[in-house]
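J.: This structure is in structure tokens; I'll ask about it shortly.
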Amino acid sequence: MLFSVALFIVLFSGPAAADNVILMLADGMGFNHIACAEKEKDLFISALPVRGEIKTHSANRKITDSAAAATAYACGIKTKNGYVGMDPDKTACESIAEQAVKKGFFTALLTTDLDDSPTPAAFYAHVTSRYRRKDILAQRQKAAGKMIIQTDVADLPKAAADMIVRAEMSGKPYFILIEEENVDISSHNHDLAGMKKAMYSFDAAVKAAVELSSPDTTVIVLADHETGGLSGWCRFKSTDHTGGKVPLFAAGKHARLFSGELDNTQINYKIGRILFTPS
């Protein structure tokens, strides 16, 4: 009922003024996370029309952490593990979200993670350690006057649907980041059931994004890194991140830009092309 009512609102509110992007990130999701979740039921993301894969290494490690990976997506640069919105020389980088705000876009960041999560933080904060909580929260408070930041989201599909409808109703072009953190947490803990639950929630949020967004929107689905070394037999081999490539899916107006093998920094450039280059 939620989606049908929201869809009615979107269809009859008219298209946004320019192209939009919804970036959907399942923290820690690898190819086998999808395969293992699909042993119980099909996932919507697997039916998306465009797919690819992403190389995830950071500037100083073959295996990235969430902070460096998010900075690659936010700013289009390789940085050191632990750095948030900063290049390896400790210079702040301007994120795609900060650029969107300057251009008058509706801009929102949603996550199931805590209020100092490094993934959304890379889009508004600039620190040399993801553990500088006080600094991250101070910068979040400042950014919150310009963009919407929601953390500790309990019901991701509903929150995603509500935010997309809000963006469509704004009459502005928009950029939205939506993160599901619990795939990563469950994988660190070798909690297969918890991982599947998080995957199903994330998948439902992706479905909402595709179905509720206007035709001028591109929905990009990806991960920052793989967590747990999950095998095809659905057994975890590690309690940490691994360095393998991660899945990439896309749907919508410019989905074709996200096929094949890409470096994580290329995602940023392609998003910028969609948002800031006239169609």
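The values are calculated or read from the model by the stated rules, or taken from the named source; none is laboratory data. All figures in this text were calculated on a predicted structure; none of them were measured in a lab. All Cβ positions, even for glycine, are placed from backbone atoms using ideal geometry, and neighbour counts span all protein chains on display.
J.: Does the range 204-228 hold any residues that are outside any loop (DSSP other than H, G, I, E, B) and surrounded by fewer than 24 Cβ atoms within 10 Å (Cβ to Cβ), and which are they?
T.: Of everything in the range 204-228, those that are outside any loop (DSSP other than H, G, I, E, B) and surrounded by fewer than 24 Cβ atoms within 10 Å (Cβ to Cβ) turn out to be 204, 207, 210, 211.
J.: Residue check: is residue 98 closer than 25 Å to residue 173 by Cα, surrounded by fewer than 24 Cβ atoms within 10 Å (Cβ to Cβ) and of a type outside the set (Lys, Arg)?
T.: yes
J.: Any idea how many residues of the range 102-127 are surrounded by fewer than 18 Cβ atoms within 10 Å (Cβ to Cβ) and touching a residue at least 12 places away in the same chain (Cβ under 8 Å)?
T.: 4
J.: A further question on this structure: Mind listing just one residue for me: the one in the range 145-199 that is polar (S, T, N, Q) and part of a loop (DSSP other than H, G, I, E, B) and, of those, surrounded by the most Cβ atoms within 10 Å (Cβ to Cβ)?
T.: 151
J.: Moving on. Just the residues that are among the hydrophobic types (A, V, I, L, M, F, W, C) and under 18 Å from residue 198 (Cα atoms), please, taken from the range 224-241.
T.: Correct list: 230, 234, 236.
J.: Being more than 14 Å from residue 21 (Cβ to Cβ), of a type in the set (Ser, Thr, Tyr) and part of a loop (DSSP other than H, G, I, E, B) is the filter here, so list the residues in the range 230-279 that pass it.
T.: 231, 238, 239, 259
J.: Quick one: in the range 10-27, of everything that is surrounded by 23 or more Cβ atoms within 10 Å (Cβ to Cβ) and touching a Leu at 6+ places or on another chain (Cβ under 9 Å), which residue is modelled with the lowest pLDDT?
T.: Ranking the candidates gives 19 first.
J.: May I ask you to list pairs of residues, at least six apart or on different chains, whose Cβ atoms are under 6 Å apart, with the first in the range 199-216 being more than 11 Å from residue 20 (Cβ to Cβ) and the second being outside any helix (DSSP H, G or I) and acidic (Asp, Glu)?
T.: 202/180
J.: Hey, another quick one. Residue by residue through the range 218-227, note down the ones that are closer than 18 Å to residue 182 by Cβ, in contact with a Gly (Cβ under 7 Å, 6 or more places away or on another chain) and not hydrophobic (A, V, I, L, M, F, W, C). Give the steps one after another, and end with the answer.
T.: Our first condition is that a residue be closer than 18 Å to residue 182 by Cβ; within the range 218-227, this holds for 221-227.
Still in the list and also in contact with a Gly (Cβ under 7 Å, 6 or more places away or on another chain): 223, 225-227.
225, 226, 227 - these are the residues of the range 218-227 that are closer than 18 Å to residue 182 by Cβ, in contact with a Gly (Cβ under 7 Å, 6 or more places away or on another chain) and not hydrophobic (A, V, I, L, M, F, W, C).
J.: Pairs needed: first member in the range 141-162, modelled with pLDDT of 95 or more; second member anywhere, among the β-branched types (Val, Ile, Thr); C-beta distance under 6 Å; at least 6 residues apart or different chains.
T.: Pairs that qualify, where the first residue is modelled with pLDDT of 95 or more and the partner is among the β-branched types (Val, Ile, Thr), are 146/101; 147/101; 147/107; 151/111; 153/112; 156/112; 159/153; 160/178.
J.: Could you say which residue among 92, 121 is of a type in the set (Gly, Ala, Ser) and more than 16 Å from the chain's Cα centre (by Cα)?
T.: The match here is 92.
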